[in-house]
Every structure is written in C-alpha cells, then in structure tokens.
Amino acid sequence: MVTAFAGTVLFGVVLARLTLEPSAASAALVHSNVRPGASIRAYLDGTSTIEAVRQLGGNLLLGLPFGVLLPVLLPPARGLLRVGVVTACLMTLVELVQGALVTGRVFDIDDVILNTAGALLGYLLIGLRLGRAVHPRRRHWWTRRAAEPGDT
C-alpha cells in the first residue's frame, strides 16, 4: 500500500507537469475539441508518424497508472467499468482545468478517451491481479454460511 501511495504521488507530480504547465509550442491552438476522434484523426493524417506516436501513445501511457493504482488504493474502484468511469471523470476534470487556466492548452475529448483506454489497458494487464493480491476478495456472509462443514 505504501508503494502504491508513493507511486500515486509520483504519478500526480508527473501528470501535473505534463498537463498543467503552459505549452509555448501549442499556444496557437485556441479551439477545444469536443468531437471524439477529431484530434486523433488530425494526428494520424496531418503529422509525422513519430509525432502521432508521441501524442497518441503518450496519452495512452498517461492513463496506464490509473488502471494499476486505482484497484490497489481504492478497492471499491476495482472492476473494468469502475476504473474506466473514475479515470474518465478525473481526466475530464484535468482537461477542463488545463483548458480554462493554462495558456496554450485546450480541452480535448480525445485525450480523455486515450487516457481512459490506457487505464483500462493497465487494469487488464496489471491492476486486476495486483488489486486482488493486495485486497483479496471477501466472502460474503451468505457464502460463508453455505460453505461451513457439518451443515446439512
């Protein structure tokens, strides 16, 4: 748990540095993207392969720690759907803050989608097993009662 908490703090610092610092390179971008797939298409069609991989892969990787850390730190957030919903909500909040407060940054729904996909991937690859290892499933009272030997 301590390692997961330290990892979360470190991830929070990295996330803040990557998303909440002004970007001089993208200062010319002044329009938010609320159409799913629009900026993904723009990266695939209008930029070099290296830039597309950097942008799209970077957003996938940015979400990966959520899928690994959420099941460890918040046992009620275990499950593919729950990890996806929590990540989508948090990343939407990050995008809204950076779009409203940070010069050269705009809200992009595709970033939320890619971050959430990364979290789901992290959950499926590592988070599911790690969450179960740290927080084994509890047996409910009705399954314990049925499993007791000697009951007939």
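Please pick out the residue among Pro65, Pro71 that is in contact with a His (Cβ under 8 Å, 6 or more places away or on another chain) and under 24 Å from Val14 (Cβ atoms).
The conditions single out Pro71.
Of all residues in the range 75-132, how many are aliphatic (A, V, I, L, M), part of a loop (DSSP other than H, G, I, E, B) and within 14 Å of Asn33 (Cα to Cα)?
Of the residues in that region, 1 qualify.
Write out, first by first residue and then by second, each pair whose Cβ atoms fall under 8 Å of each other, whose residues are 6+ apart or on separate chains, and whose first residue, in the range 120-144, is under 19 Å from Val85 (Cα atoms) and open to solvent by less than 90 Å² (accessible area, probe 1.4 Å) while the second is at pLDDT below 90 and not in a helix (DSSP H, G or I).
Leu128/Arg78; Gly131/Arg78
Answer yes if at least one residue in the range 40-49 is in contact (Cβ under 8 Å) with a residue 24 or more places away in the chain, surrounded by fewer than 16 Cβ atoms within 10 Å (Cβ to Cβ) and not in a helix (DSSP H, G or I), and no otherwise.
Within the range 40-49 (the criterion being in contact (Cβ under 8 Å) with a residue 24 or more places away in the chain, surrounded by fewer than 16 Cβ atoms within 10 Å (Cβ to Cβ) and not in a helix (DSSP H, G or I)), the answer is no, since none of the residues qualifies.
So, in the range 76-94, how many residues would count as being touching a residue at least 40 places away in the same chain (Cβ under 8 Å) and buried (at least 16 other Cβ atoms within 10 Å of the Cβ)?
Of the residues in the range 76-94, 3 are touching a residue at least 40 places away in the same chain (Cβ under 8 Å) and buried (at least 16 other Cβ atoms within 10 Å of the Cβ).
The values are calculated or read from the model by the stated rules, or taken from the named source; none is laboratory data. Quick caveat: nothing in here was measured; it's all calculated off a predicted structure. Note that we place each Cβ from the backbone using ideal geometry, even for glycine, and neighbour counts take in every protein chain shown. Please note that ligands, DNA and RNA were not included when accessible areas were found on the heavy atoms of the full protein model with its side chains. Shrake-Rupley method; radii C 1.70, N 1.55, O 1.52, S 1.80 Å.
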